[in-house]
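Below: one structure, written as structure tokens.
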Amino acid sequence: TAELRQVLDTDDALVRAMPQQAVQERRSVTVTCPSHPDVDALFDYLGGVLPVADEGVFDVFCALTATVSTHFAYLATVVAWAERQGIPSEDADHFIRNLFQGVGRQLGDETRSLPQLRAEHETPKGANERIRITWFESASAALGKALDELLVGLEANRLGLDGYCDGLAVDPEL
């Protein structure tokens, strides 16, 4: 922050903001740090604002955004699996997109927790439960570890520690 103030030659408030692509449609909450009435009003108008007071908390939200491309990679993997089973690519892609658009709309109902939504999509000993137990429960530990490592890198980058770039450790030999 001090370096940025020097570059900008200002003592004005500096606010970190993390708008996502859906802000273009006014459908995305933007995390800001620290809260500032003008900045928060702008992002509230653009879909919502979630002000946080601590930069460490802001870094956690930054790490959460790193899961988006993995979500798309997961869907592409499922489509590729269907293709290997003989389903035409266009049909598998169309079906998966439609399926997950419907599921995604359910996220708008914040009266139901994510674990509750998961439970509503599972039949005991059914197909959804089987995939979650046999695949995701072990994969979730690896996801948690990857997010932990990313968070360490984001914090190091924020603190200006050498060897980090965009939250990732950089090998100085490269």
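The values are calculated or read from the model by the stated rules, or taken from the named source; none is laboratory data. None of the values given here were measured: they were computed from a predicted structure. Positions of Cβ are generated from backbone atoms using ideal geometry, with glycine treated the same way; all protein chains shown enter the neighbour counts. Accessible surface is based on the protein model in full, side chains and every heavy atom, while ligands, DNA and RNA are left aside. Shrake-Rupley method; radii C 1.70, N 1.55, O 1.52, S 1.80 Å.
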Requested in this report: Would you be able to say whether some residue in segment 73-92 is under 17 Å from the mean Cα position of the chain (by Cα) and free of Cβ contacts under 8 Å to residues at least 24 places away in the same chain?
Outcome: yes
Query raised in the report: Looking at segment 1-30, which of its residues are closer than 17 Å to ASN157 by Cα and among the hydroxyl-bearing types (Ser, Thr, Tyr)?
Result: THR1
Report summary line: Filter segment 2-20 for residues that are open to solvent by 70 Å² or more (accessible area, probe 1.4 Å) and in contact with a helix residue (DSSP H, G or I) (Cβ under 9 Å, 6 or more places away or on another chain); the one that is nearest to LEU107 (Cα to Cα) is ARG16
Query - Filter result for the condition that a residue is more than 22 Å from ASP148 (Cβ to Cβ), at pLDDT 95 or above, loosely packed, with under 13 Cβ neighbours inside 10 Å and among the charged types (D, E, K, R), over ARG97, ARG26 - result: ARG97
Report summary line: Sole miss for VAL39 among (1) in contact (Cβ under 8 Å) with a residue 60 or more places away in the chain; (2) touching a strand residue (DSSP E or B) at 6+ places or on another chain (Cβ under 9 Å) is condition (1)
Query raised in the report: If we scan segment 145-160, do we find a residue that is at pLDDT below 90, surrounded by fewer than 12 Cβ atoms within 10 Å (Cβ to Cβ) and either assigned to a loop (DSSP other than H, G, I, E, B) or touching a His at 6+ places or on another chain (Cβ under 9 Å) (or both)?
Result: yes
Query raised in the report: In the set GLY56, GLY108, GLY47, GLY102, which member is touching a Pro at 6+ places or on another chain (Cβ under 9 Å) and open to solvent by less than 70 Å² (accessible area, probe 1.4 Å)?
Result: GLY47
Query raised in the report: Quick check: anything in segment 37-57 in contact with a helix residue (DSSP H, G or I) (Cβ under 8 Å, 6 or more places away or on another chain) and of a type in the set (Ser, Thr, Tyr)?
Result: no
